[in-house]
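*Asks:* Below are the structure tokens for one structure; questions will follow.
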Ligand SMILES: Nc1ncnc2c1ncn2[C@@H]1O[C@H](COP(=O)(O)OP(=O)(O)OP(=O)(O)O)[C@@H](O)[C@H]1O
Ligand SMILES: [Mg+2]
């Protein structure tokens, strides 16, 4: 990833407090096109809060967000979507009793010239986008509650990219999945990368992270310990960042590095 390119997203010096607690404390991270950046850290490190600021779910107390090099105004989820930023939460937020096409267009249904639901067009689009993500998927006529965990995940991702997401945030996408389904989500992520989408991936699984991510940013107590290319650090060094806040030589230290 060339450092000469403009990042898709740059989060610079972001802070937010709840009561007296600095949930995120002057944290910075960036993300390039076609790149996966994993956010790592213990429970309560501030990962979800940090990305909720990017998705517009929380309003930051300080710091700036840049999208394609331009300062972005993100104060709510609608603002974020306007910049092509979509979030896939662990709960997926699918409507269980309706089919894939209905989920993809939930709240943004296509209508015919007569104002009725255009089920034909929605199913055709659903087949197109799912065909890109998960070519083997054929269960278009079934309610999504009948689908496997991995298939449900692909529906949630399809919904995000259908509306031209360029930046995808995935918070623990595989936490509730078995090994096979986790592998399927890994394939989805590779497909999205190939399409040029940038992904912030929150995960507790360091092996998954080394398989899927280009870079890792580690947080501890709301601060960034450091950021590194996965090729420049070992798994043990990353564990040292997570547990001890110790930034290895292959990483760029952040304000939370204990040894800087
Ligand atoms: N809405 C909120 N109100 C008060 N405190 C909050 C709120 N959201 C997060 N926090 C606090 O902010 C800190 C960071 O939490 P956050 O959920 O971002 O951590 P995390 O790294 O995502 O952890 P996990 O791995 O458990 O998901 C924690 O101390 C948490 O209790
Ligand atoms: Mg979290």
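The values are calculated or read from the model by the stated rules, or taken from the named source; none is laboratory data. Nothing here was measured: the structure is a model prediction, and the numbers come from that model. All Cβ positions, glycine included, derive from the backbone under ideal geometry; neighbour counts span all protein chains shown.
*Asks:* Condition first: over 24 Å from residue 82 (Cα atoms) and out of contact with any helix residue (DSSP H, G or I) (no Cβ under 8 Å at 6 or more places or on another chain). Can you find one or more residues in the stretch 23-40 that meet it?
*Replies:* Taking every residue of the stretch 23-40 in turn, at least one turns out to be over 24 Å from residue 82 (Cα atoms) and out of contact with any helix residue (DSSP H, G or I) (no Cβ under 8 Å at 6 or more places or on another chain).
*Asks:* May I pose another question? Suppose the filter is more than 20 Å from residue 170 (Cβ to Cβ), in contact (Cβ under 8 Å) with a residue 12 or more places away in the chain and more than 10 Å from ligand 1 (Cβ to nearest atom); does residue 22 pass it? Please lay out each step first, then the result.
*Replies:* Values: more than 20 Å from residue 170 (Cβ to Cβ): yes; in contact (Cβ under 8 Å) with a residue 12 or more places away in the chain: yes; more than 10 Å from ligand 1 (Cβ to nearest atom): no.
Against the criterion (more than 20 Å from residue 170 (Cβ to Cβ), in contact (Cβ under 8 Å) with a residue 12 or more places away in the chain and more than 10 Å from ligand 1 (Cβ to nearest atom)), residue 22 does not qualify.
*Asks:* Exactly one condition in (1) away from ligand 2 (no atom under 16 Å from the Cβ); (2) within 24 Å of residue 43 (Cα to Cα); (3) in contact (Cβ under 8 Å) with a residue 60 or more places away in the chain is false for residue 218; which is it?
*Replies:* Condition not satisfied by residue 218: (1).
*Asks:* While we're on this one: Confirm whether residue 256 is more than 19 Å from the chain's Cα centre (by Cα), under 15 Å from residue 25 (Cα atoms) and modelled with pLDDT of 95 or more.
*Replies:* On the way: more than 19 Å from the chain's Cα centre (by Cα): yes; under 15 Å from residue 25 (Cα atoms): yes; modelled with pLDDT of 95 or more: yes.
Yes.
*Asks:* Got a sec? Which helices (runs of 4 or more DSSP H) wholly within the stretch 38-128 have at least 1 residues that are within 16 Å of ligand 2 (Cβ to nearest atom) and at pLDDT 95 or above? Spell out the reasoning first.
*Replies:* On the way: elements: 47-54, 77-82, 100-104.
Per the criteria, 47-54.
*Asks:* Let me ask something additional. Return the residues of the stretch 143-163 that are touching a helix residue (DSSP H, G or I) at 6+ places or on another chain (Cβ under 8 Å) and assigned to a loop (DSSP other than H, G, I, E, B); say none if nothing qualifies.
*Replies:* 147, 148, 163
*Asks:* Scan the stretch 38-50 for residues that are surrounded by fewer than 24 Cβ atoms within 10 Å (Cβ to Cβ) and either more than 14 Å from residue 221 (Cα to Cα) or not assigned by TED's automatic domain parsing to the domain that holds residue 218 (or both) and report the count.
*Replies:* The total comes to 0.
*Asks:* Which of the residues spanning the stretch 188-216 are within 20 Å of residue 86 (Cβ to Cβ) and within 15 Å of ligand 1 (Cβ to nearest atom)? Steps first, please.
*Replies:* Keep residues of the stretch 188-216 that are within 20 Å of residue 86 (Cβ to Cβ), which gives 188-203, 212-214.
If the condition is that a residue be within 20 Å of residue 86 (Cβ to Cβ) and within 15 Å of ligand 1 (Cβ to nearest atom), then 200, 201, 202, 203 are the ones that fit.
*Asks:* Continuing with the same structure: Based on what the data block shows, is residue 202 touching a strand residue (DSSP E or B) at 6+ places or on another chain (Cβ under 7 Å) and in the same structural domain as residue 57 (by TED's automatic domain parsing)? Spell out how you get there, then give the answer.
*Replies:* Values: touching a strand residue (DSSP E or B) at 6+ places or on another chain (Cβ under 7 Å): yes; in the same structural domain as residue 57 (by TED's automatic domain parsing): yes.
So residue 202 passes the test.
*Asks:* Being surrounded by 18 or more Cβ atoms within 10 Å (Cβ to Cβ) and assigned to a helix (DSSP H, G or I) is the filter; apply it to the stretch 129-142 and report the residue that is modelled with the lowest pLDDT.
*Replies:* Pass one, the stretch 129-142, residues surrounded by 18 or more Cβ atoms within 10 Å (Cβ to Cβ): 129-130, 133-134, 137.
Cutting the leftovers down to assigned to a helix (DSSP H, G or I) gives us 129-130, 133.
On the way: 129: 89, 130: 90, 133: 80.
So the residue we want is 133.
*Asks:* Taking the conditions exactly as written (on the phi < 0 side of the Ramachandran plot and within 15 Å of ligand 1 (Cβ to nearest atom)), does residue 80 satisfy them or not? Quick ask: steps written out before the conclusion?
*Replies:* Details: on the phi < 0 side of the Ramachandran plot: yes; within 15 Å of ligand 1 (Cβ to nearest atom): no.
When the stated conditions are applied, residue 80 does not pass them.
A quick yes/no check of all residues on (1) closer than 19 Å to residue 32 by Cα; (2) crowded, with 22+ Cβ neighbours inside 10 Å; (3) within 16 Å of ligand 2 (Cβ to nearest atom); (4) outside the structural domain of residue 54 (by TED's automatic domain parsing):
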{"site": "151", "(1), (2), (3), (4)": "no, no, no, yes"}
{"site": "154", "(1), (2), (3), (4)": "no, yes, no, yes"}
{"site": "159", "(1), (2), (3), (4)": "no, yes, no, yes"}
{"site": "174", "(1), (2), (3), (4)": "no, yes, yes, no"}
{"site": "177", "(1), (2), (3), (4)": "no, no, no, no"}
{"site": "186", "(1), (2), (3), (4)": "yes, no, no, no"}
{"site": "191", "(1), (2), (3), (4)": "yes, no, no, no"}
{"site": "198", "(1), (2), (3), (4)": "yes, yes, no, no"}
{"site": "207", "(1), (2), (3), (4)": "no, no, no, no"}
